1. Which pairs do you get when a residue that is β-branched (Val, Ile, Thr) and assigned to a helix (DSSP H, G or I), found in the range 1-24, comes within reach of a residue that is modelled with pLDDT under 95 and buried (at least 16 other Cβ atoms within 10 Å of the Cβ), reach meaning Cβ atoms under 7 angstrom, with the pair 6+ apart or on two chains?
2. Those residues that are open to solvent by 60 Å² or more (accessible area, probe 1.4 Å) and closer than 15 Å to residue 73 by Cα, I need them from the range 15-32; list them, please.
3. Which ones in the range 25-59 are more than 14 Å from residue 82 (Cβ to Cβ), in contact (Cβ under 8 Å) with a residue 12 or more places away in the chain, in a helix (DSSP H, G or I) and of a type outside the set (A, V, I, L, M, F, W, C)?
4. Go through (1) of a type outside the set (Phe, Trp, Tyr); (2) over 16 Å from residue 3 (Cβ atoms); (3) free of Cβ contacts under 8 Å to residues at least 60 places away in the same chain; (4) open to solvent by 70 Å² or more (accessible area, probe 1.4 Å) one by one and return the number of the condition residue 73 breaks.
5. Which numbered condition in (1) assigned to a helix (DSSP H, G or I); (2) modelled with pLDDT of 95 or more is the only one that residue 70 fails?
Amino acid sequence: MSHTQLFAVQPDTRERKLLGTITEAQLDFLTDNLEEEFEEDDDYFLNRDTLDYLEGKGIDGELAALLGAALEQYPDGVDILYICG
């Protein structure tokens, strides 16, 4: 079974910090509800407004907590990147 790792990407250094592992359903939710800049896009900008939007769309609690923890570390927003493995 494959898994998907979700990372926060620091804006200045582009260094990745592992946020956690998400399910296929959680990844599908993100890709269905967030805007991709191009077809093969694998990252998204996340800020409080984005998380509020996802909560309105029915994000599951585990994924919301993971993204909320990222925003605690990066309150001005952060790019999140997913890597399927």
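1. Hits for this filter: zero, empty list.
2. Passing the criteria: 15, 16, 17, 18.
3. 48, 50, 53
4. Looking at each condition in turn, residue 73 falls short on (3).
5. (2)
The values are calculated or read from the model by the stated rules, or taken from the named source; none is laboratory data. Every value quoted in this text rests on a predicted model; they were computed, and no experiment measured them. Virtual Cβ from ideal backbone geometry, glycine too; neighbours counted across all protein chains shown. To get the accessible areas, we keep the full protein, side chains included, count just its heavy atoms, and leave off ligands, DNA and RNA. Shrake-Rupley method; radii C 1.70, N 1.55, O 1.52, S 1.80 Å.
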